[in-house]
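Chemist: Here it is, the structure in full.
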């Protein structure tokens, strides 16, 4: 197996249904990844170690998904120079808004790129990681261009279907 270029970390196994969206995108682009469970609060030493050792293992981007207090992405970012993408996961009393704020509101010097709450955000985290990797990989850059063109064609096709349906009314 190729060396993982992306490290996906989630705070709990209950986050897996969301973070699988990230994995799907990385698989689609052929980007090798590693997926781990590590809590910023319940196993801080393991989390710090994952972050600190990632670069030396060849990882280029870290994606961290967590709900509730959601400090996982920030803890990961504090321990590495690699870019970190945070995925807030919905749930709890405020449906993930707490996770969003905890992920996006980082102190100066510890940036975390933050995507939307939930599965759409997890998918976008995968796409953003591929875009980052594509900066130094022309093959990946070409795949990303083709992906963007295909999603544009999909919207055009749906618009055409709508226009045909409306014309028949």
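The values are calculated or read from the model by the stated rules, or taken from the named source; none is laboratory data. These numbers were taken from a predicted model, which means no experiment stands behind them. Here Cβ is always computed from backbone atoms with ideal geometry, including for glycine, and neighbour counts include all displayed protein chains.
Chemist: Is segment 100-118 home to any residue that is touching a residue at least 60 places away in the same chain (Cβ under 8 Å) and either in a helix (DSSP H, G or I) or under 13 Å from residue 67 (Cα atoms) (or both)?
Modeler: yes
Chemist: Answer yes or no: is there a residue in segment 16-32 that is part of a strand (DSSP E or B), surrounded by 20 or more Cβ atoms within 10 Å (Cβ to Cβ) and either outside the structural domain of residue 75 (by TED's automatic domain parsing) or touching a residue at least 24 places away in the same chain (Cβ under 8 Å) (or both).
Modeler: No, segment 16-32 contains no residue that is part of a strand (DSSP E or B), surrounded by 20 or more Cβ atoms within 10 Å (Cβ to Cβ) and either outside the structural domain of residue 75 (by TED's automatic domain parsing) or touching a residue at least 24 places away in the same chain (Cβ under 8 Å) (or both).
Chemist: Might you check whether a residue that is surrounded by 15 or more Cβ atoms within 10 Å (Cβ to Cβ) and part of a helix (DSSP H, G or I) occurs anywhere in segment 7-15?
Modeler: Checking segment 7-15: at least one residue is surrounded by 15 or more Cβ atoms within 10 Å (Cβ to Cβ) and part of a helix (DSSP H, G or I).
Chemist: Can you find a residue in segment 37-59 that is under 19 Å from residue 139 (Cα atoms) and either at pLDDT 95 or above or not in a strand (DSSP E or B) (or both)?
Modeler: Yes, because at least one residue in segment 37-59 is under 19 Å from residue 139 (Cα atoms) and either at pLDDT 95 or above or not in a strand (DSSP E or B) (or both).
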